[in-house]
Amino acid sequence: MPLLVVVLAAVLLFLAVFLGALGAVTSGGSDALCQPGPDDAAAKDIPPAYLALYQKAGTKYGIAWNVLAAIGDTESDHGRGPGPGIRSGTNAAGAAGPMQFMPGTWRAYAVDGNGDGRKNIYDPADAIPSAARLLKANGAPERMERALFHYNHANWYVKKVLRRAAEYARNGDASACAGGVVPPSGRAGLAVRAALRWIGTPYSWGGGGPGGPSEGFGRGNGIVGFDCSSLVQHAWHKAGISIARTSQEQWRTLPHVPAGQEQPGDLVFFTGSGGSRTAPGHVGLVVGRGRMIEAPRTGLRVRVATIGTRSDLVGYARPVQRR
């Protein structure tokens, strides 16, 4: 990321939100979906049948399961709520079912999730994938806040759902998204785990920093997320090490590591778009087995990708000496 972006970023008010597991996750540069699993608290709170439906719908529509679960929790306590309209009839606003659809919205987006030939607004097997379809149609996962606002036209609702979604996946297992790589111990392990928690977060030019994802500008305007260098900066910040903001500064200031001696947690640099071998334009975080975590480019999301498929590799650098 060019140094100019950092100067411009300083004048913006970054909006930090809970995007740890929001959105579909691409791995290895493909469209394969990978979503971190629920943590123990989520598994205890969400009925197993509902959890399975959230995960199934999330995978099918490219929506994070925990966002769907957060909506289900907010609207009906996963079908357990005592309020009107959850199992029959409607509430005072006219909404119905465990995901609380208005009749017109249901007619437009309802799906037969269980293949029984009916679209039953009270059946979670239909209502949950219908909610995923609605979010997708309104811009999720890249515009998750916008999609949630369309779901319920209230800013407090958007914040509540995002907060609950983050809680459901806070300590979830994201190791599957790294191709089975087990993060190392020590500070490098902390950095790898910190980056894994943001898999699926949108790429946002100029967005992100030590505190987490934030709204970018230019190509990142209106997108809350990370760019390549802010992701690795954040990961190492969580491990207790401060590094520079841009890929060029990171390459210039960190000790280089010979190819073949790289380890999980190291930074891996590429010429990228507009960069060079002395001023790399792209950076990722090594996770092992020839893979890295990266924020690729506008339109894509934080993912695990293969290093060896890149022809513009510059080299590696290590923020902290290993013992």
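Please report the spacing between the Cα centers of region 239-300 and region 116-135 in Å, no decimals. Using only Cα atoms, the two centres lie 43 Å from each other. Semi-axes of the equivalent ellipsoid for region 152-310, computed as √(5λ) from the eigenvalues of its C-alpha gyration tensor and ordered from largest down, come to 26, 19, 13 Å. The length gained on full extension between Ala92 and Ser185, counted as 0.36 nm times the residue separation minus their Cα-Cα distance, comes to 28.1 nm.
Note that region 99-249 presents 40 Å² accessible area per residue, ligands and nucleic acids not counted, probe 1.4 Å. Each of Arg291, Arg318 has its accessible area taken with a 1.4 Å probe; listed largest first, they run Arg291, Arg318. Rolling a 1.4 Å probe across all protein chains gives His256 an accessible area of roughly 100 Å². Among the protein heavy atoms of region 200-323, carbon and sulfur supply 47% of the accessible surface, probe 1.4 Å, non-protein parts ignored. A probe of 1.4 angstrom, applied to the heavy atoms of all protein chains, finds Ile241 with accessible area near 30 square angstrom. Ordered from largest to smallest accessible area (heavy atoms of protein chains, 1.4 Å probe), the residues Trp65, Trp251 come out as Trp251, Trp65.
For region 263-323, the Kirkwood hydrodynamic radius comes to 11.9 Å, computed from all pairs of different C-alpha atoms.
Of all aspartates and glutamates in the structure, the ones whose alpha carbon falls short of 12 Å from that of Lys159, not counting any fewer than 8 places away in one chain, are Glu145.
Take the Cα of Ala41, step 7 Å toward its Cβ, do the same at Arg163, and the gap between the two points is 1.2 nm. The relative contact order of region 95-156, computed from alpha carbon pairs under 8 Å that lie at least 6 residues apart in sequence, is 25 percent.
The values are calculated or read from the model by the stated rules, or taken from the named source; none is laboratory data. Just so it is clear, the model here is predicted, and its values are computed rather than measured. Here the Cβ is made from the backbone with ideal geometry for all residues, glycine too, and neighbour counts use every protein chain on show. SASA here: full protein model, heavy atoms, side chains in, ligands and nucleic acids out. Shrake-Rupley method; radii C 1.70, N 1.55, O 1.52, S 1.80 Å.
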